[in-house]
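Report on the following structure.
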Amino acid sequence: QDPASPVETGHVRLAIRWPANARAVQLIPDSTRVVDLRVVQGEQTIATASLRFPESEVVLGPVPTGTSRLEAQAFAPPIPPEPAQTLVATGSVEVKILPNVNVNAALTLDPTRVPVLNWLEPAEGPAGGSVILRGRLLKAPSDGQTSVFINGTPLASSSYSVFNESLTITEMPALGDTLTLRLVVDGVAGNRTLTYRVVQVRGLKLSPAVLRLTRVPDSDQYAGSFDVLAYRDDARNNPIELPVGLEPEIVDEDPRPMPPAGASVFSRNGTTVFASGTTPATATVMVKYGDVEATASVVYDPS
């Protein structure tokens, strides 16, 4: 009891364990550096205090006996370009204040910045292929970190780059036919997991092997199309569903760059190749998937 007051009082004691990245479970984000506390009775604030890293406990009071509410806000350093510190978690709990007693309070904080995982681009492809994750709140405050887990295995931080609304993985690991991606940002798990389907391709073929372009009606252009076939084995038996991103690319053409006036020019739209000009020419077309590739020739003869 406070000797200066006839009202019986007590105190609230709160202890904290600051996050460590090695811990699997924690109640506050990694970047937290201060927790502001207040004890409220009704609408009146009775006592306030702050815990600053690395302080481990604080006592609030004196507080009149009866039921009070302990409220907390956890803050991280500012996230540029914002000048103010960042609110990263909040929580409250009712406590029963007893006379002349330090009441221990158990308080759980809920994160305010839960990373949102929307989709993967692409959602399927080869092991070793690059992937972009789209979402929000993917980048941690300055004292936190973003961790990526594939089928439970953490990726080295050097294998991905992260921004607030996108995360690029340089090479998807070879950990099975289905890869489940989980994100932990600043110690807070993402709102969902995302799945990447690994399409194993061991053989590719462009058909026909030699494409002879024909004139487009009512046009000066010539055109022709390839079929792109993908296989699970080197023998190229039984084509499989074409993976995302398999389109041919013109990698070499004749004449070379800076052709003379009237020379032929090639272009491509999807699997269709176009050519125009007055000079016969050939081009090489390549399709690549992971470390597997195939080539074919294009022949253009406007004569």
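The values are calculated or read from the model by the stated rules, or taken from the named source; none is laboratory data. Keep in mind that this is a model prediction, so the values were computed, not measured. Here the Cβ is made from the backbone with ideal geometry for all residues, glycine too, and neighbour counts use every protein chain on show. Just so you know, the surface numbers come from the protein's heavy atoms only, side chains and all, with ligands and any DNA or RNA stripped out. Shrake-Rupley method; radii C 1.70, N 1.55, O 1.52, S 1.80 Å.
Scanning the stretch 212-237 for residues that are assigned to a loop (DSSP other than H, G, I, E, B) and closer than 18 Å to VAL265 by Cβ yields LEU213, VAL216, SER219, ASP220, GLN221. Check the stretch 222-230 and report whether any residue there is in contact (Cβ under 8 Å) with a residue 40 or more places away in the chain and either polar (S, T, N, Q) or in contact with a helix residue (DSSP H, G or I) (Cβ under 8 Å, 6 or more places away or on another chain) (or both). Scanning the stretch 222-230, I find at least one residue that is in contact (Cβ under 8 Å) with a residue 40 or more places away in the chain and either polar (S, T, N, Q) or in contact with a helix residue (DSSP H, G or I) (Cβ under 8 Å, 6 or more places away or on another chain) (or both), so the answer is yes.
Can you name the residue in the stretch 57-115 that is free of Cβ contacts under 8 Å to residues at least 24 places away in the same chain and under 13 Å from VAL35 (Cβ atoms) and is also least open to solvent (accessible area, probe 1.4 Å) among such residues? Among those that are free of Cβ contacts under 8 Å to residues at least 24 places away in the same chain and under 13 Å from VAL35 (Cβ atoms), it is GLY91.
For every residue, the table says whether it meets (1) of a type in the set (A, V, I, L, M); (2) open to solvent by 20 Å² or more (accessible area, probe 1.4 Å).
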residue: LEU204; (1), (2): yes, no
residue: GLN221; (1), (2): no, yes
residue: LEU229; (1), (2): yes, yes
residue: ASN238; (1), (2): no, yes
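Residues in the stretch 173-197 that are assigned to a loop (DSSP other than H, G, I, E, B) and of a type outside the set (Ser, Thr, Tyr): PRO173, ALA174, LEU175, GLY176, ASP177, ASP186, GLY187, GLY190, ASN191, ARG192.
A residue that is closer than 16 Å to GLY144 by Cβ, assigned to a loop (DSSP other than H, G, I, E, B) and of a type in the set (A, V, I, L, M) can be found somewhere in the stretch 61-82.
Residues in the stretch 283-303 that are of a type in the set (S, T, N, Q) and open to solvent by less than 70 Å² (accessible area, probe 1.4 Å): THR284, SER297.
Out of the residues in the stretch 138-161 that are surrounded by 20 or more Cβ atoms within 10 Å (Cβ to Cβ) and among the hydrophobic types (A, V, I, L, M, F, W, C), which is farthest from the chain's Cα centre (by Cα)? Result: ALA140.
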